[in-house]
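Below is one structure, written out as C-alpha cells; the observations come after it.
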Amino acid sequence: MSSYAHPAPLQQKFSSGFAGAVVLHVAVAGILIGMAFLHPFQPKHWGEDAASAGAIQAVMVNALPLPTKAPPIDHSVLASENVTKAPAPPVKEKTAPPPTPNDLLIKNKVDTKPPKVAPKENLTPTKHPLPTPDSPKATTGDAATQLPQAVTQSVNGTATVTVQNRSFGNRYAYYLRIVGSMVTKNYNEQHPDPRASQDKSVSMLFDIQRDGTIQNLRVETASGSPTLDAAAKRALLEIDSFGPLPEGDHITIEYKFDYHHP
Amino acid sequence: MTLQSKPWKWALLAATLSLAIGCHHNNHPLSNPATGLPAASDQPAPTATLTADPLAIDIGQSLVLNWRTTNATSVVIDGIGPVPVNGTQTVSPSNSTNFHLVAKGDGGSTEANVRVTVRVPVAPTTGDEANNSSSDAGNEIDFAQHVKDVFFDYDSFDLRPDAQQDALNAARYLAAHPAIKVLIGGYCDDRGSAEYNITLGENRANAARTALISAGVPASRLRVVSYGKERQFCTEENETCWQENRRAQFKIDR
Amino acid sequence: MPRFTVVKLFSKQYALAVAVLCVFFSPLLRAQDQFPFHLESTNSTDRIRIAVAPFKPQSADPATAGYKNTFDTTLFADLSAAGIFDIVSKSLLPQSSPGNQSEMNLAQWSAAPASAAMIAFGNLSTQNGHIVVNGFLDDAKNTQFPQVFVKQYNEEASDDQARQIAHRFADEIIARLGGGGVGIAETKIYYVKQTGENKEIWEMDYDGANQHALTHLGTVSMSPRISPDNSRLAFSSLGRDGFQIKMFSLLLNRVINFPAAGGTNVSPAWAPNGNQIAFSSSRTGDPEIWTADANGSIARRITSFRGPDVSPVWNPKTGGQIAWISGRTGLPQLYIMDADGSGVQRMTDGGYATSPSWSPNGQFLAFAWDRRYGPGAPGGQDIYVMEITTKKWIQLTHDSGRCDFPSWSPDGRHIVFANTPDGKGAHTRIMTMLVDGTQRRALTGSGADMPNWSWK
C-alpha cells in the first residue's frame, strides 16, 4: 500500500522527515566547514616558478631515419580547387489536373511536350596534374640535352636538384649530390598536409653563393598546396651553408619537389 | 517532501561552504604584526639582512657591506643611496658608522642595521714588543692546540655552533699572542667540481676569517687562501674522510 | 534502493578524486617529455660513402713504409671520427693501390662490394729528408670529371709530420664534402696533467696523440682555456696568495705577464673576438664573475650576489652572453646572462650542476650535472646537453663513474670530457664522444683532467 492514500500521517511524516533532513544537511555542512579549517587547502603553484625554471628531459631521436618533429598544428583542410557541379534536380513534369466530376470534357490542346530531362553532366573526377617522372640521369653528363640533376628519394617523395649551369653540373656533380642530400634530409622532417599535397610538386629557385649560402630564394612554380610550398621553403631556409663552391661566384639551382606519401 | 525542500537546502549548503572557504582565506597570515603596519594587500612583507665584513677595520682599510632582501621593490642604504635589492658594496668609512638599510615592498617596509668599528691605531710600546718577540716564535704545537681548524657541512660555508666556539677560543689565543699572523686555508671534499670547490673553499675561509674578526682579531693579521679540493687531507671515499676535508685550516703565516 | 544510491555517489566521488590526483601529479610527469631537438649528427643514410685507399709508396725504404703506415692509419681515423662519412671497410676495398689519377679505375671502386661514392687516394715518398704526399679525392660516380681536388704536402720527414699531413688532408676532404662544416683533424686539446703532487698544463692533438707539457710551474695549475686565435692560453695557478689568473704564450713558449689581484681568481674564459676574458674573482670578498681585457686591464664586475659564482663561458657565436655556475640558491646551478650582467636566467632547476661549455653554433650548453630527480636519478654526475631556448636536455653519459668538464669541438659534433670510473680523482682520464653520446673512447691514461678543445 502506498502512502499516498493517507494524508494525515503524511503530515506527521513530513515534519519528522523534514527535521531529519535538516539535521543531516547541517551535519554535512558542519563537517565540511570543520575540514576546511582543520585541513586548509593550499594549492601548489602550477607551472614554472620565475626563479627556478623547469628543465625538461628530451630524447635524442636524430639517429632514427624517420621524421621526428611533432607535426605542425595548421591542419588546413583544403577543398579541391575545381568543384564538381552537383547534378541539377530533375524538373517536375507538368501534368494536367485530373478532371473534376463537374468538368465538361473539352477537347483542349494537349501539351505533349517531352518531359524535361536534366542535362547530362560530365561526372568524371577532375584530373590532378600527374608528376612527371624524372629520369635519374644524375651525374654522367653524357645526355647533352638534359641539365645536370641529382635525384634523391625521401620519405615524402622525390627531390630533384638541377643546376642551371651545365658545365658546372657536369664537372662538380658531387657538389650537386651534397646539395640534394642536405635539402632532402631537412625535407624529411617537414610535414605538409598529405591530402592537399598528394602528387603535387613545387619548384623553387635559388642561388648558391661562393661561401655556400643560399640567396634569392623564390618559388618558380607553386604546387597549389600552401603547406607543401611552405615545407619546401623551410627545408631550404634551415640550411646554413652547403660548403664553399668548388668554382665560380655563384650558381643557380632549381629544386623541384614531388610530394608522394603512400 | 525531500524533493520540495532540496533546492533551498543546497543553496544553504553552498552558501555555508563558500563562507567557510572565504573565512579560511582571510585567516591566512598576511598582516605582519612585526612591522606594525597593516597588511597593504595580499603581499608578504619584505625582509632584509645587512652584514659587514669585516666588522672592525683599521683606519684607511675597506670593508664589504652585504645585504639580502626578499619581497622588496626598493632598497636604500643611508650614506650610499638606492641600491639593488641584493648586493654588496665596498666602503672605507673614516670613523665608526652605523649602516642603516630600508627595504620597501608591496607588503610594507623593513629595516636592517650593522655597526662598523673603525680603529684608530695606538702607538706600539717597545716594552710589550720585547716580551712578545720571545713568545711569538710561533710554537706550532701550542698554536695547533689552541687554534683548531673549523669544519663545515656539505656544500655549506656557514659556521656550525661548535665551529663558532672554536673560533672564539682561537681568537682568545691570538689576542694573547699578538705577533702571530694566521693563514686561513679553505678546503673541500673531493666530490663536486674543481672550479666550484675553489670558490666554496674561499667562502669557507672567509667565513672563518669573519668569525675571528668578530671575536676581535685584527683583519691585518689574517690572510685567506682557497685550495678547493687540492691538497686533500685524506683520500678515502667515505663520509669520515670527506668531513676531514671540509674545513678552514689555521696555520701560522710566515 | 538507498544503498544503491550511496554506492553510486561514492564511486563518482572516488573517480573525481582520482582525476583530481592525476591532474595534481601531472607536473611530475613533465620530466618525461620526449621532444627531441636537432643536434649535429648524421644517421647512416645521410652519410657519404667514402673509400680510403692505402697510399702508394714511391720509394722502397723502410722509413717511407713507416711514415706511410702512420699516414694511412691517421687518415682513416680522422675521416671515421668526423661523423659524416660512411667509410668503406678495409676488407671491401679493391686490391689495387692507385698512386695517381691515371692509375685510378673508377669502376672498380664504385662497383660492389666497395660501392664507394668518393675515393681518397694518392702517393707518399721521402725525398731529401722530406715527406712528400700527393693526395687525390675522386668522385666515383662522375666518369667524365672524377677529380674533386688534388693537393701536395711537403714537410720535414718525421712520424709526427706524417700524422699532421694526414690531418690536413682529412680536413681538406671534410671542407669540400662536409656541407659547410669544419674539419677538426688539426685541432688541439689543452688539459691538466697530474705530475706527482702538482698539476701542470699539457697539450695534445684532438685524437690523443702528441701529448706534451706546456707549463713547468711546480704548483697546482688548472682550468686551461686557449684563445680563439690559438696564440695564448689562460689558466689559473696556485701561488702564495691563492689562485691567480696566468697567461701562457704559445708563440713565445712561456708564461707572460698578467696582473694579479686580491682574493681568489679562477676559471678564465675567452670572448670569441679574443679581446676580452671573463673569470671568477673574490677580490671584493665574495667570488663573482668579472670581465676584463685580454691583458687584464679594465676589470669590471658583472654579478653581485652572495654565494660562489664561477666557471663563466661566453656564447662563441655572438659573444653577447655568458653562462656560468652560481651557488646563490644553495647547490650550484647553471645560469645565463647578457655579457653586461643583465638578463639573468636560471637554466637548471635542481641537483648539482657545474662546468658549462657553449656549443659553436650558440644553441646548446653542455655541462656536468648530478640531476637527483627524474628518470635515472640518483645517478652520478654525468654530461648533459641542454637546448638554451627550450631548456630541454638530454643525458649523454650513464653509469660510467663521475664525468665533468665537457668541451665542444669546433665542428659541433664532438664533446671531450673528464671521467673517473671509480670516483677517485687520481684515476681521472680524458674521453671523447660524438654529441649523441656514441663513439666514446679514452684519449689519455689516468691523471688527465679539465680538457679544453681549441677553436680551430
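Values in this text are rule-based calculations from the coordinates and carry no lab data. For clarity, every value in this text was computed on a predicted model and none was experimentally measured. Ideal geometry is used to build each Cβ from the backbone, glycine not excepted, and the neighbour counts take in all protein chains shown.
Assorted remarks:
- With only Cα atoms counted, the range C:349-395 has Rg and Dmax values of 10.5, 31 Å.
- Relative contact order for chain C, counting Cα pairs under 8 Å that sit 6 or more residues apart, in percent: 9 percent
- Burial ranking of peptide ranges C:77-85, B:165-173, B:199-207, C:435-443 (average Cβ count within 10 Å, highest at the top): B:199-207, C:77-85, B:165-173, C:435-443
- A dipole drawn for chain C from +1 and -1 charges on Cβ atoms has a positive end, and of C:Pro62, C:Ile84, C:Ser231 the residue lying farthest that way is C:Ile84.
- Average beta-carbon neighbours from other chains, 10 Å sphere, peptide C:391-401: 2
- Pairs of Cα atoms nearer than 8 Å and 6+ residues apart set the relative contact order; for the range C:375-426 it is 28 percent.
- The H on the amide N of C:Thr303, modeled in the peptide plane, is under 5 Å from the matching H of C:Ile289, each at least 5 residues off or on a different chain.
- Estimated distance in nm for a label pair at C:Arg240 and A:Glu238, the labels positioned 7 Å out from Cα along Cα-to-Cβ: 6.1 nm
- The phi-based Karplus calculation (6.51 cos²θ - 1.76 cosθ + 1.60; θ = phi - 60°) puts the 3J(HN,Hα) values of the range B:152-167 at 10, 7, 4, 6, 10, 10, 9, 6, 6, x, 5, 5, 4, 5, 4, 5 Hz, whole numbers, x for Gly and Pro.
- Residue pairs exceeding 26 angstrom between C-alpha atoms, taken from C:Lys193/C:Lys391; B:Lys251/C:Lys199; C:Lys56/C:Lys141; A:Lys200/C:Lys391; C:Lys317/C:Lys392: C:Lys193/C:Lys391; A:Lys200/C:Lys391.
- Fully extending the segment from B:Glu239 to B:Gln61, taken as 0.36 nm per residue of separation minus the present Cα-Cα distance, adds 60.0 nm.
- Selected from C:Leu250, C:Trp453, C:Trp290, residue furthest toward positive end of dipole (chain C; charges at beta carbon): C:Trp290
- For chain C, the residue among C:Ala111, C:Pro378, C:Trp393 whose Cα projects farthest onto the positive side of the dipole built from Cβ charges is C:Pro378.
- P(r), alpha carbons of the range C:44-177 - 10 Å bins starting at zero, rounded %: 13, 47, 33, 7, 0
- Cβ crowding within 10 Å, taken as a proxy for footprinting-reagent exposure, orders C:Ile174, C:Ile87 from fewest neighbours to most as C:Ile87, C:Ile174.
- Multiplying the residue separation of B:Asp78 and B:Leu183 by 0.36 nm and subtracting their alpha-carbon distance yields 34.3 nm.
- Per residue of A:233-241, other chain Cβ atoms within 10 Å of the residue Cβ number 1 on average.
- Within chain C: Cβ-based charge dipole about Cα centre, in debye rounded to nearest 20 (Lys, Arg +1; Asp, Glu -1): 1520 debye
- Taking other C-beta atoms within 10 Å as the exposure proxy, C:Arg371, C:Arg254 rank C:Arg254, C:Arg371 from fewest upward.
- Long hydrophobic helices in chain C: the complete DSSP H runs spanning 20 Å or more by Cα along their own axis with mean Kyte-Doolittle hydropathy of at least -0.5 are C:2-29, C:62-81.
- Taking the fewest neighbouring Cβ atoms within 10 Å as the starting point, the ordered list for B:Thr69, C:Thr284, B:Thr88 is C:Thr284, B:Thr88, B:Thr69.
- With a 10 Å cut-off around each Cβ of B:218-230, the average count of Cβ atoms from other chains is 4.
- Kirkwood's formula applied to the C-alpha pairs of chain C gives a hydrodynamic radius of 24.6 angstrom.
- Each of C:Ala157 and C:Arg301 was given a label point 7 Å from its Cα along the Cα-to-Cβ line. The distance between the two points is 6.3 nm.
- Once the Cβ-Cβ distance of C:Asp293 and C:Leu92 is raised to the sixth power relative to R0 = 56 Å, the FRET efficiency obtained is 0.50.
- 3J(HN,Hα) couplings calculated from phi for the range C:207-221 with the Karplus curve 6.51 cos²θ - 1.76 cosθ + 1.60 (θ = phi - 60°) are, in sequence order, 9, x, 7, 6, 6, 8, 7, 10, 9, 9, 9, x, 8, 8, 10 Hz; Gly and Pro show x.
- Rounded to the nearest 20 debye, the dipole size of the range C:188-453 about its Cα centre is 180 debye, using +1 on the Cβ of Lys and Arg and -1 on the Cβ of Asp and Glu.
- Cα shape, the range A:145-259, gyration tensor, a/c 1.5 rule: prolate
- Charge dipole (debye, nearest 20) of the range A:145-259; +1 at Cβ of Lys and Arg, -1 at Cβ of Asp and Glu: 180 debye
- Computed label-point distance, nm, for sites B:Arg231 and B:Asp158 using a 7 Å Cα→Cβ extension: 2.8 nm
- In terms of distances greater than 18 angstrom between alpha carbons, the cross-link table entries B:Lys229/C:Lys424; C:Lys68/C:Lys456; A:Lys185/A:Lys233 yield C:Lys68/C:Lys456.
- For C:Val148, distant residues with modelled amide H under 5 Å away: C:Leu137, C:Asp138, C:Asp139
- Cα gyration tensor, the range C:188-453 - rounded (a/c under 1.5), prolate or oblate: rounded
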